[in-house]
Each structure stands twice: as structure tokens, then as C-alpha cells.
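Participant: Sharing a structure here in C-alpha cells format.
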Amino acid sequence: LSGVLLGQGVEGLASEAWAHGAQNVYLIDDPLLKNYRTQPHAHGLVALVQQYRPEILLLGATTLGRDLASAVATSLGTGLTADCTRLAIDPQTRLLEQTRPAFGGNIMATILCANRRPQMSTVRPRVMDMPARDPSRQGKLIRHELGMREDEMLTRMVEFVSAETADVVNLVDAEIIVAGGRGMGSPKNFGMLEELAKVVGGVVGASRAVVDAGWLSYAHQVGQTGQTVRPKIYISCGISGAIQHLVGMQTSDIIIAINSDPEAPIFKVATYGIVGDVLQVLPMLTEQLRSKL
Ligand code: FAD
């Protein structure tokens, strides 16, 4: 198991990769890699793959990871399964089983890349457990030259503009998420979710129905076309539990669902279920927790 570090001044991160399980870390440290650009990053990663020939190459399904993975797969002439939610190895064929939602999330498709190498997937952050950090673990650092010059670059970094106006909510790293669905009835009732989130130290998430209705911004959306989250506690309020929502939150440690319909699919993944009117249950729950915390 090896990790790849591409950047400038990133050598110090190698120990993090070892601490989390990597045996080798391949490092390309170069000023051209200071800010992300597809061309030099893809060039470096392709060169590493061609030299060291891994069976499998995995990247994060982040905005940059998606961009890099597709460029690298194209250069290498291999397949790429984007946004996997599960990875496994077939014990007989030793092929990588790459599972992801398909056809609008109505089925889970397992995809194989039998004839090309490496087998490439991107996986969203938080889909898998982070292995425990063991700072005593050491590994091997393998340095590699990028071998490119600035005047060969097709693009140039002019300025970095941060998304200051964007609605900031960090769902991905949140330990507690209080999420609301269409069952909340109207946008004014989301104040109740904010209240509960404040009491338990969590953040507010939402189903796509809520975002499509304009009740909350896209930054709050959990699910296949939103964020994949893995909090310690996910409190679902008036969310039916459509498959496209479940794929984004079903690996949460504890799921507490409040829904008036006892047959709602959310109860199939819930650790604790409360059948009732969310507008009545939520204030009671918040009061109880406020008095305990
Ligand atoms: P509904 O399905 O309308 O459910 C509302 C629930 O609230 C019901 O179960 C009802 O019983 C309950 N309820 C009503 N009133 C009350 C009350 N007073 N008290 C308690 N409970 C009450 N969805 C996502 O969430 N995230 C995604 O990323 C996503 N991506 C998608 C991608 C594609 C390609 C497609 C086709 C769909 C996607 N969807 C996604 C939409 C998804 O299929 C559902 O339509 C959506 O999740 C439904 O949102 P909801 O549960 O809030 O609303």
C-alpha cells in the first residue's frame, strides 16, 4: 500500500501517510505543483504509474481528485469508476470490485476493469473509515522528479479567489448533523433544527427536496448529488429516506429518525426511530437535551 504526494513543500505529510497505513510514499516536490493544475499533476502521477505499475490507483472524489483522476485515466488508456461507495477484492479473480450508485441511484452497480491497468476509482471523503493513526509507523520515501518547466505549462495561476460569499457549512467533518426534509413543512420551521443543532453542537443538513424548494442552500444537501457524510450522530427530521439520500448518510454511526409514517424507508437504516409529528417531537427533544447537556 503506497501513497502519492504531489505538491510543493509537502514532504512533511509523508509521516501522516505512514501513520495511517502506507508502506511507501512516492513524493514529487516541485514549485510547479504549488497550486493545483491538471497538466503538471497529471504528468507527475502518470509518470509514477508508468514506472511503478500499481494494480490499483485510488483518488479522492473531491473536486480536484475528480479532475486529476479523469486526466490520468485518459493518458493511461484505462477505465475509471467515479464516486465509489464500496470497494472490495474478488477473492477468485483478484479484481477490484468498484460499487457505485447508477441509474439515478436506483441500483448499486459493481464495475470491474478486467483488461486494463491500473484499475482506477475515486471515492468520496468519509465513505470509508479512517484507519487509526499510529505515529510510530515508519515507511519508505521514494523521491521522483517532475521533469517539467513553467514555459511548457498551458495554464498559469493568476490569482486565487476564495469563495467568501459561499454559505459555509462543514457537513463532511461534522460529528453531529441535524438534517431536515420536506416533512419540516416550511422554511420557517428550520429554526427548530438550528436550535437543536446549537444545543448538541452540530450542523444543519437537508434533503434535496428542501434544497430544490429553496428552503436551504445546496451546501447543506446530503446524498448522492450532495455531500457524503459520516457523523457520529445523524438526526433525520421529516426525511423519507430515498436511496439517493441514504447513500450519503447511511454509514453514520448512530441514525435517529423522526417521521410520521411508520413505513418510511429511513427507519430501515435508523438506529433509533421516533414515529410522530416532527414539529411536536423536535421541541421536546431539544428541551430534554438542553436540560441534560
Ligand atoms: P419526501 O420524500 O417528500 O419525504 C418527506 C417525509 O416527511 C415523508 O417520509 C413524510 O412521511 C414525512 N413527514 C411529513 N410530514 C411530517 C411531519 N409533520 N412529521 C414527521 N414526518 C413528516 N435526495 C437527497 O436527499 N439527496 C440527494 O443527493 C439526492 N440526489 C438525487 C439524485 C437523483 C438523480 C435523483 C433522481 C433524486 C435525488 N434525490 C436526492 C431526491 C430523492 O429521490 C428524494 O426525492 C428526496 O430525498 C426526498 O426528500 P425528502 O425525504 O425531504 O422528501
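Participant: For the chain, with a Gaussian network of springs between Cα atoms less than 10 Å apart, report the residue from Glu159, Glu194, Glu175 with the top mean-square fluctuation.
Facilitator: Its mean-square fluctuation being the largest, the pick is Glu159.
Participant: 222 nm [θ] for the chain, helices only, -39500 (n - 2.57) per DSSP H run of 4+, per residue, to 500?
Facilitator: -7000 deg cm²/dmol
Participant: According to a simple spin-label model (label point 7 Å from Cα along Cα-to-Cβ), what is the distance in nm between Met148 and Asn170?
Facilitator: Here the modelled spin labels are 3.0 nm apart.
Participant: Compute the long axis of helix 38-52 from its Cα atoms, compare it with the longest principal axis of the Cα atoms of the chain, and write down the angle in degrees, 0 to 90, nearest 10.
Facilitator: So the inclination is approximately 70 degrees.
Participant: Ok, one more. Multiplying the sequence separation of Arg53 and Val275 by 0.36 nm and subtracting their Cα-Cα distance, what value in nm do you get?
Facilitator: Extending this stretch completely gives an extra 74.5 nm.
Participant: So who's got an amide H within less than 5 Å of the one on Gly205, skipping anything under 5 residues away but keeping other chains? H placed 1.01 Å off N, in plane.
Facilitator: Val178, Ala179, Gly180
Participant: At 0.36 nm per residue, and after removing the present C-alpha to C-alpha distance, how many nm does the segment from Ser162 to Asp67 gain when stretched out fully?
Facilitator: 32.3 nm
Participant: Pull out the extension gain between Ala102 and Thr74, defined as 0.36 nm times the separation in residues minus the alpha carbon to alpha carbon distance; nm, one decimal.
Facilitator: Computed gain between Ala102 and Thr74 is 7.9 nm.
Participant: Calculate, axis by axis, the spread of Cα positions in the chain along the three principal axes, and write the results as whole Å, longest axis first.
Facilitator: Here the Cα extents, ordered largest to smallest, are 64, 49, 40 Å.
Participant: Excluding ligands, DNA and RNA, what is the solvent-accessible area per residue of the stretch 152-239 at a probe of 1.4 Å, expressed in Å²?
Facilitator: On a per-residue basis, the stretch 152-239 sits at 51 Å².
Participant: Another question, then. Within the stretch 39-116, what whole-number % of the accessible surface is contributed by carbon and sulfur, with the 1.4 Å probe and all protein chains included in the calculation?
Facilitator: That share works out to 53 percent.
Participant: Follow-up question, since we're still on this one. Helix 63-76 against the longest principal axis of the chain: what's the angle in degrees, Cα atoms only, rounded to the nearest 10?
Facilitator: 40 degrees
Participant: Quick one: if you stick a label point 7 Å off each Cα along the C-beta vector at Met128 and Lys188, how many nm between them?
Facilitator: Between Met128 and Lys188, the label points sit 4.8 nm apart.
Participant: Within the stretch 53-91, list the residues whose amide N lies under 13 Å from a label point set 7 Å along Cα→Cβ of Thr155.
Facilitator: Residues passing the 13 Å test: 63-72.
Participant: Given an 8 Å cut-off on Cα distances and at least 6 residues of separation, report the relative contact order of the stretch 148-226 as a percent.
Facilitator: So the answer I get is 28 percent.
Participant: Report, to the nearest 10°, how far helix 278-292 tilts away from the longest principal axis of the Cα atoms in the chain, using its own Cα long axis and a range of 0 to 90°.
Facilitator: In the chain, helix 278-292 runs at an angle near 80 degrees to the longest axis.
Participant: So how far apart, in nm, are the two label points at Ala88 and Ser2 if each is 7 Å from Cα heading toward Cβ?
Facilitator: According to this spin-label approximation, the distance is 2.8 nm.
The values are calculated or read from the model by the stated rules, or taken from the named source; none is laboratory data. The structure presented is a predicted model; accordingly, all values stated were derived computationally and were not measured. Virtual Cβ from ideal backbone geometry, glycine too; neighbours counted across all protein chains shown. Accessible surface is based on the protein model in full, side chains and every heavy atom, while ligands, DNA and RNA are left aside. Shrake-Rupley method; radii C 1.70, N 1.55, O 1.52, S 1.80 Å.
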